[in-house]
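Below is one structure; the comments refer to it alone.
The values are calculated or read from the model by the stated rules, or taken from the named source; none is laboratory data. Given the structure is predicted, the values throughout are model-derived calculations rather than measurements. Positions of Cβ are generated from backbone atoms using ideal geometry, with glycine treated the same way; all protein chains shown enter the neighbour counts.
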């Protein structure tokens, strides 16, 4: 007897088709602040490393090259305050992919916990594993036993909130008394504006003991490498070793040239700091424009998104902004508590950000096309 395929939620982005078409019909074109896809060039240092490694006739190593894992360990120590044995690092083919399959790879069959407002793939990963998906921002949400796997996300998608050290320390202590694995999604690390976002594996929190703890990071946002599909998972040596064994059997190998490019990216901080400056300028332009347009921002201390509300259903806000040629993500994509918020990405070119600012601050000058008009 075959096992029935898991019942997954509808892919949320498909529901934005009508709003996207309306925004695209604007005479000055769409300003897409919805998905959060990087638009700036991949750094030269990364592209050059990829070219040098292009002659790659053999199979890559599943565990990653020593050069790659040492580059990641160096970045963790230098920028995140984490001392980690490079052997406890595993490169992965994209972190969305890892989030979706980590419960299955860990053999979770009970409960996966994640924040009330969260990246939708946490829930999808639980369902793919046949586990229960439970939202919660407090340990009481999972009862006295606790979930098998608990996702943290700081800086958070979609809200831009950060978890302070005190909170992380309490979670570590709580999880270890319940044998809960804690996986910290830190893909937006380094993109902090109003508050620092410490790592779950920071030495001052763990004392070097990473038992039951995992950290996930990606180069998609830090280094404009979303198309490379590169990330890593690191932490508890026993857990990482188990994931490595599965990856070897399943052939989950990151391509060799991508490993070389990733090593170059983690060794170089200059390009990441330059990208921080770009996003800081775009954020500084959008903040007053959104205030002028009647929005209140909640959280938004870090990350690549502004969590905004005008106190009405998010679908109405999406529709209003689409009329100005601006596409944003409805907050209910990320959980019921997002019903009156929208997520606004900073990932657009300077020219498109300037267009959004004009439309938000002077809507009477932003000519709205007829409802239902097509850009074709």
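With respect to residue 156, determine if the residue is modelled with pLDDT of 95 or more, assigned to a loop (DSSP other than H, G, I, E, B) and crowded, with 24+ Cβ neighbours inside 10 Å. Full working, then the answer.
Details: modelled with pLDDT of 95 or more: yes; assigned to a loop (DSSP other than H, G, I, E, B): yes; crowded, with 24+ Cβ neighbours inside 10 Å: yes.
Taking the combined requirement at face value, the residue satisfies it.
Only residues in the stretch 43-63 that are surrounded by fewer than 18 Cβ atoms within 10 Å (Cβ to Cβ) count as the first member; pair them with residues that are modelled with pLDDT of 95 or more and assigned to a loop (DSSP other than H, G, I, E, B), Cβ under 6 angstrom, at least 6 apart or cross-chain, and list the lot.
45/268
Would you mind stating whether residue 189 is touching a strand residue (DSSP E or B) at 6+ places or on another chain (Cβ under 8 Å) and either in the same structural domain as residue 287 (by TED's automatic domain parsing) or surrounded by 23 or more Cβ atoms within 10 Å (Cβ to Cβ) (or both)? Working first, answer last.
On the way: touching a strand residue (DSSP E or B) at 6+ places or on another chain (Cβ under 8 Å): yes; either in the same structural domain as residue 287 (by TED's automatic domain parsing) or surrounded by 23 or more Cβ atoms within 10 Å (Cβ to Cβ) (or both): yes.
Against the criterion (touching a strand residue (DSSP E or B) at 6+ places or on another chain (Cβ under 8 Å) and either in the same structural domain as residue 287 (by TED's automatic domain parsing) or surrounded by 23 or more Cβ atoms within 10 Å (Cβ to Cβ) (or both)), residue 189 qualifies.
Could you tell me whether residue 237 is surrounded by fewer than 18 Cβ atoms within 10 Å (Cβ to Cβ), at pLDDT below 95 and under 24 Å from residue 108 (Cα atoms)?
Working: surrounded by fewer than 18 Cβ atoms within 10 Å (Cβ to Cβ): yes; at pLDDT below 95: no; under 24 Å from residue 108 (Cα atoms): yes.
In short, no.
Mind listing just one residue for me: the one in the stretch 95-114 that is farther than 25 Å from residue 228 by Cβ and in contact with a strand residue (DSSP E or B) (Cβ under 6 Å, 6 or more places away or on another chain) and, of those, surrounded by the most Cβ atoms within 10 Å (Cβ to Cβ)?
114
Only one of these conditions is not met by residue 297: (1) loosely packed, with under 13 Cβ neighbours inside 10 Å; (2) at negative phi. Which number is it?
(1)
Select from the stretch 197-212 the residues that are at negative phi and either surrounded by 23 or more Cβ atoms within 10 Å (Cβ to Cβ) or in contact (Cβ under 8 Å) with a residue 40 or more places away in the chain (or both) and list them in ascending order.
Just the residues of the stretch 197-212 that are at negative phi, to begin with: 197-206, 209-211.
Those that are at negative phi and either surrounded by 23 or more Cβ atoms within 10 Å (Cβ to Cβ) or in contact (Cβ under 8 Å) with a residue 40 or more places away in the chain (or both): 197, 198, 199, 200, 201, 202, 203, 204, 205, 210.
How many residues does the stretch 123-155 contain that are over 20 Å from residue 236 (Cα atoms) and touching a strand residue (DSSP E or B) at 6+ places or on another chain (Cβ under 8 Å)? Walk me through it before giving the result.
Here is the first cut: in the stretch 123-155, the residues over 20 Å from residue 236 (Cα atoms) are 123-145, 155.
Now drop any that are not touching a strand residue (DSSP E or B) at 6+ places or on another chain (Cβ under 8 Å), which leaves 123, 125-127, 129, 131-136, 141-142, 155.
Number of matching residues: 14.
Is there a residue in the stretch 21-28 that is in contact with a helix residue (DSSP H, G or I) (Cβ under 6 Å, 6 or more places away or on another chain), outside any strand (DSSP E or B) and surrounded by 18 or more Cβ atoms within 10 Å (Cβ to Cβ)?
There is at least one residue in the stretch 21-28 that is in contact with a helix residue (DSSP H, G or I) (Cβ under 6 Å, 6 or more places away or on another chain), outside any strand (DSSP E or B) and surrounded by 18 or more Cβ atoms within 10 Å (Cβ to Cβ).
Which residues, counting only those in the stretch 29-44, are assigned to a helix (DSSP H, G or I) and over 19 Å from residue 277 (Cβ atoms)?
Of all residues in the stretch 29-44, those assigned to a helix (DSSP H, G or I) come to 44.
None - no residue of the stretch 29-44 is assigned to a helix (DSSP H, G or I) and over 19 Å from residue 277 (Cβ atoms), so the list stays empty.
Specify the residue that is surrounded by the most Cβ atoms within 10 Å (Cβ to Cβ); the eligible residues are those in the stretch 132-147 that are touching a helix residue (DSSP H, G or I) at 6+ places or on another chain (Cβ under 8 Å) and touching a residue at least 24 places away in the same chain (Cβ under 8 Å). I'd like the intermediate steps shown before the answer.
Of the stretch 132-147, the ones touching a helix residue (DSSP H, G or I) at 6+ places or on another chain (Cβ under 8 Å) are 132-136, 139, 146.
Now drop any that are not touching a residue at least 24 places away in the same chain (Cβ under 8 Å), which leaves 135, 139, 146.
Working: 135: 17, 139: 18, 146: 20.
Step by step, filter the stretch 132-147, then rank; the result is 146.
Check whether at least one residue in the stretch 351-363 is at pLDDT below 95 and more than 24 Å from residue 9 (Cβ to Cβ), and report yes or no. Full working, then the answer.
Residues of the stretch 351-363 that are at pLDDT below 95, as a first pass: 362-363.
Imposing the further condition that a residue be more than 24 Å from residue 9 (Cβ to Cβ) reduces the set to 362-363.
Checked against the condition, which is being at pLDDT below 95 and more than 24 Å from residue 9 (Cβ to Cβ), the stretch 351-363 yields at least one hit.
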